[in-house]
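Each remark here refers to the structure printed beneath this line.
The values are calculated or read from the model by the stated rules, or taken from the named source; none is laboratory data. Predicted model, so just to flag it, every value in this text is computed and none were measured. Positions of Cβ are backbone-derived with ideal geometry, glycine not excepted, and every protein chain shown enters the neighbour counts.
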Amino acid sequence: MAVIAVVALDETPLFHLSVPCEVLGADRSDDGLPRHEVRVARAGRGPVRSSAGVVLHAPYGLEALEDADVVIVPWWGRLAGQPLPGRLLESLRRAHARGARVAGLCGGAFVLAEAGLLDGKRATTHWKYAGDLAAGYPLVQVEPDVLYVDEGDVLTSAGTAAAIDLCLHLLRTLSGAEVAHAVARRMVVPPHRAGGQAQYVDVPVPEVRADDDGVAVAMRWALEHLDEAMGVEDLAGRALMSRRTFTRQFRQRTGTSTLQWLLQQRTLLAQRLLETTDLPVEVVAHRSGFGSAVTLRAHFQRALGTSPRDYRATFSREAHPPLERIAAG
């Protein structure tokens, strides 16, 4: 049995706090499964107030970290301006120095970075905050597309549900694959999710102004003809500009190159078709400008970490019918 300390900070979401307790510490002896000792520890004095306003009594203080095998920080509301207790940083450093594994779930990665435990290491966090982690801690090698990163002594996960993925991974390392799979079945979740968090990133469909601006005219035409072959010269011609002028103004407008923008828009179109239609993958590939299902699959795997088929199974309307259809069915 391992001793696992879970640090409860003010403004921690209840979900993040409960995941390590449920995955690693719940009593499932009726199925013959082992459990680990989970200690919920407050970083300061008095009760802990969750992000939902629920006041919690954590039975331990930071002394719980002194002999823990694993220390988990579920969240830190850094972006909301919440201060971080200095004593916690020292406790994390001491735990790590004596050999404990330290994990940060979602925003908890910022705590590990603040303590210097991620310097020179790979790490991840919620895709929305990955840029802040990279900018604030330049010594950390941020990987925004994965669900979790295990560097051996330090571990980090992406947002919300990725905490389950990381805690199941921790359970696998502590108790073996069979136990982790059995716990996943009890929780009705996959023992290991395919792909990374890139497939969950919300990239808005661009709004193109309907004015006489040449770049806007070219972008609007491109969005209406994504199934056709086109390049920089075609769009520059639509904008009535030289290639050089168009390329410069396009990057100023979008922050990216023409070809990268086209690839992103074709990907968005393919995602929408997979979500909202039952068109064969080959047809989706042609309509979105990828030309063939082989090319579409290769790009999805490279960009989103999943296949078009698995993406459709996860996000299509047929995979998640409205409640009224479920009731009627």
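Observations, loosely collected:
- Strands (runs of 3 or more DSSP E) enclosed by the stretch 34-145 - at least 2 residues per element that are in contact (Cβ under 8 Å) with a residue 40 or more places away in the chain: 70-73, 101-105
- The residues of the stretch 105-123 that are surrounded by fewer than 24 Cβ atoms within 10 Å (Cβ to Cβ) and more than 13 Å from residue 89 (Cα to Cα), listed by number, are 119, 120, 121, 122.
- Every residue from the stretch 57-84 that is crowded, with 16+ Cβ neighbours inside 10 Å and more than 24 Å from residue 169 (Cα to Cα): 58, 60, 62, 77, 78, 84
- Of the candidates 268, 263, 273, 279, the single residue that is assigned to a loop (DSSP other than H, G, I, E, B), under 30 Å from the mean Cα position of the chain (by Cα), among the hydrophobic types (A, V, I, L, M, F, W, C) and surrounded by 14 or more Cβ atoms within 10 Å (Cβ to Cβ) is 279.
- Residues that are over 14 Å from residue 213 (Cα atoms) and either assigned to a helix (DSSP H, G or I) or basic (Lys, Arg) (or both), drawn from the stretch 228-246: 232, 233, 234, 243, 244
- Checking each residue in the stretch 27-56 for being buried (at least 16 other Cβ atoms within 10 Å of the Cβ), at pLDDT 95 or above and out of contact with any Phe, Trp or Tyr (no Cβ under 9 Å at 6 or more places or on another chain) picks out 36, 38.
- In the stretch 282-306, the residue that is surrounded by the fewest Cβ atoms within 10 Å (Cβ to Cβ) out of those that are touching a helix residue (DSSP H, G or I) at 6+ places or on another chain (Cβ under 6 Å) and among the hydroxyl-bearing types (Ser, Thr, Tyr) is 292.
- Residue that is surrounded by the most Cβ atoms within 10 Å (Cβ to Cβ) [pool: residues in the stretch 146-170 that are of a type in the set (A, V, I, L, M) and in a helix (DSSP H, G or I)]: 163
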